[in-house]
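To start, the structure itself, in structure tokens.
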Amino acid sequence: MNETKKPTIKDYEELIDVQYDENIGEFCITTVKDNVGNVMGDVGNVCGTVKGSVRGNVEGNVMGDVGSVWGDVGTVEGDVGSVNGNVWSTVKGDVGSVEGKVGNLQTNMTNMSKTLIPDRPIPQTLQDFFNIAWNWANRPDFERCVENNVACYYRSPDGTNACIIGAAIPDSLYDPAFEDMNLNEVFETLGIQDREDLYYRLEVLQNCHDEATDESDCIEQMRCFAEHYGLTIPEQKHHLSKAQG
């Protein structure tokens, strides 16, 4: 009995792809070239579809996200702009406030650098004190040196005014600590001797200033004070400046 010859791959070597199926005992031949072409076409279609789909989706999503990001950036820029505006406005306001305070400080320092009461001997008699007080109170721009009609100062806090007793204290001898002393303590510090009940009488003179209702009342009380103690009222000095008091 002749044995059937089993086919080999060489018998089909002109084919690109041959596969032997043991179940049926023969080779399965496929037109690979055509199928490869079809497969490549399908792969091309798949690639095209995939590429198109992926690219479209990715680009669309990415561009959408980018657009969203730019929108957010725009929002951030808006917020930053708002913050910058608020900060700058606040800073400018604060700077303006600081500049205003500095301006006030400079004005106060300038005022304080001016001579209010020039150097001269401290009075030792009631008449000498009264002369200075009277001339001081009769200046055209006289204002009592008080705060809210309650507190009296020998010198105003800004150094631009003095009371009728403070007008007798030269700038070179004035000490801010005087504001916390009574009249007797100030005079003792300045070396003024309490002759002929001088301290008491000067305190009465000071009350003409402190207890007056206004500048005119202050001058009128001083007039009565002079008559009571037999003092001479100085000849009126017109247009007397603060530095000449």
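Annotations
- When Asn131 is tested against the conditions (1) at pLDDT below 95; (2) under 25 Å from Arg195 (Cα atoms); (3) not in a loop (DSSP other than H, G, I, E, B), the lone failure is (1).
- Here Asn207 fulfils each of the conditions (1) of a type in the set (S, T, N, Q); (2) over 20 Å from Pro121 (Cα atoms); (3) outside any helix (DSSP H, G or I) apart from (3).
- First in the range 170-190 and closer than 17 Å to Val204 by Cβ, second anywhere and outside any helix (DSSP H, G or I), Cβ under 8 Å, 6 or more apart: Leu183/Ile165; Asn184/Asp194; Val186/Tyr154; Val186/Ile169; Phe187/Asp194
The rows are residues; the columns are (1) in contact with a Pro (Cβ under 6 Å, 6 or more places away or on another chain); (2) in a helix (DSSP H, G or I); (3) under 20 Å from Ile122 (Cβ atoms); (4) modelled with pLDDT of 95 or more.
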| position | (1), (2), (3), (4) |
| --- | --- |
| Tyr174 | no, no, yes, yes |
| Gln193 | no, no, yes, no |
| Arg223 | no, yes, no, yes |
| Glu227 | no, yes, no, yes |
| Leu231 | no, no, yes, yes |
| His239 | no, no, no, no |
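- The range 150-182 - residue that is among the hydrophobic types (A, V, I, L, M, F, W, C) and over 19 Å from Ala137 (Cα atoms) and, of those, surrounded by the most Cβ atoms within 10 Å (Cβ to Cβ): Phe178
- Subset of the range 191-218 [surrounded by 13 or more Cβ atoms within 10 Å (Cβ to Cβ) and in contact (Cβ under 8 Å) with a residue 40 or more places away in the chain]: Ile192, Leu198, Arg201, Leu202, Leu205, Gln206, Cys208, His209, Asp210, Ala212, Glu215, Cys218
The values are calculated or read from the model by the stated rules, or taken from the named source; none is laboratory data. The structure presented is a predicted model; accordingly, all values stated were derived computationally and were not measured. In this analysis, Cβ positions are derived from the backbone assuming ideal geometry, glycine residues included, and neighbour counts consider all displayed protein chains.
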